[in-house]
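Okay, structure first, notes after.
Every number in this text was worked out from the coordinates using simple rules, so none of it is lab data. Just so we're clear, the structure is a prediction, and the values are computed from it rather than from any experiment. Counting neighbours? That spans all protein chains shown, and the Cβs are built from the backbone with ideal geometry, glycine included.
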Amino acid sequence: MSQTEIEIATQPECWERAAALGRRPGGPASAALPRRGERVAVVGCGTSWFIAQAYAVLRESGGHGETDAFPASEMPEGRPYDRVLALTRSGTTSEVLELLGRLRGRTPTTAITADPRTPVTRLADAIVVLDFADETSVIQTRFPSTELTLLRAHLGEDLGHLREQGRSAVEDPLPAELTTAEQFTFLGRGWAYGIAQEAALKMREAAGAWTEAYPVMEYRHGPISITGPGRLAWWFGDPAAVPSGLADEIARTGGRLVALGRDPLADLVVVQRLAVALGTARGLDPDNPRHLTRSVILT
């Protein structure tokens, strides 16, 4: 197995640890994370931005307070927040460090990272370290999913189903219809749209695949034109919640609707496995993806 595959397979155990941290009242993670009622901005880059989007929807829709998500390089200057939450596996991402430096002494900040020895720990006011979910792989898999599990648990979500679903996502064979498809469009609603974007990114990073991601209701406004024979539209969420008529419209294109029905985070594991499998079949090395480094450090 590649290192990336090993890290993918260990996610259910990491999720269990993260959920316990997030549920612990008065624990160090709970004390550092946004409090109910705070107006919060969540920032990150790449995968971390997509996780930020998912968390922002979950937090605000759950009644915990107004929550916005931005790429770290695009956070509006001067907009007032009670707290800025920065997501960064490496703790060295240039845009995140630059933003935290500008906010220091003006806005309370918290960072979630995998490495307590990195510069982010000197710039953020509070730190949550998930070192047990750190990765050596360039491509992020278990760290961002563990991070989102922590945040969901902190919001009070019941995650009792997640470990079992994660195990089935790791262990069940990949359906043939997935491994033979030539194109993937990932669809989500609410917080699952952030997961859809992350799924598309994983397929591009590990497999060099042609993938797109859209909010499900936007898919009909043009993007459906790309769907056809040998191409998949992949829905993250309950199959019963697919918008009325969409499955029939996809079928008329000759394409196929995929709706596995697990928690979107568990279904993301299937996409991670698929991305590695497709990339390996194409002669790519998942541990050394093209044109990528573990952290983007600008000079």
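At-a-glance table
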read-out	value
In degrees, nearest ten, helix 162-171 long axis to first principal axis of the chain (Cα)	50 degrees
With Cα atoms, 0 to 90° folded angle of helix 47-61 axis to the chain main axis	80 degrees
Cα gyration tensor shape for region 257-299, rounded if a/c is under 1.5, else prolate or oblate	oblate
Percentage relative contact order, the chain, counting C-alpha pairs under 8 Å, at least six apart	20 percent
Region 162-281: C-alpha gyration tensor shape, a/c 1.5 cut-off, then a/b vs b/c	oblate
Neighbour-limited loop hits for trypsin sites (Lys or Arg not before Pro), region 64-155 (at most 14 other Cβ within 10 Å; DSSP other than H, G, I, E, B)	Arg104, Arg106, Arg117
Within-10-Å neighbourhood charge of Glu5 [Cβ basis; K, R +1; D, E -1]	-1
Long-range HN-HN contacts of Val258 with modeled amide H, under 5 Å	Ala233, Trp234, Trp235
Global size of the chain as Cα Rg and Dmax, reported in angstrom	18.7, 57
Region 221-299: trypsin sites (Lys or Arg not before Pro) in DSSP loop, at most 15 other beta carbons within 10 Å	Arg282, Arg290, Arg294
Alpha-carbon centroids, region 51-82 and region 148-189: separation in whole Å	23 Å
Helix axis angle, 11-23 relative to the chain longest principal axis, alpha carbon, degrees	40 degrees
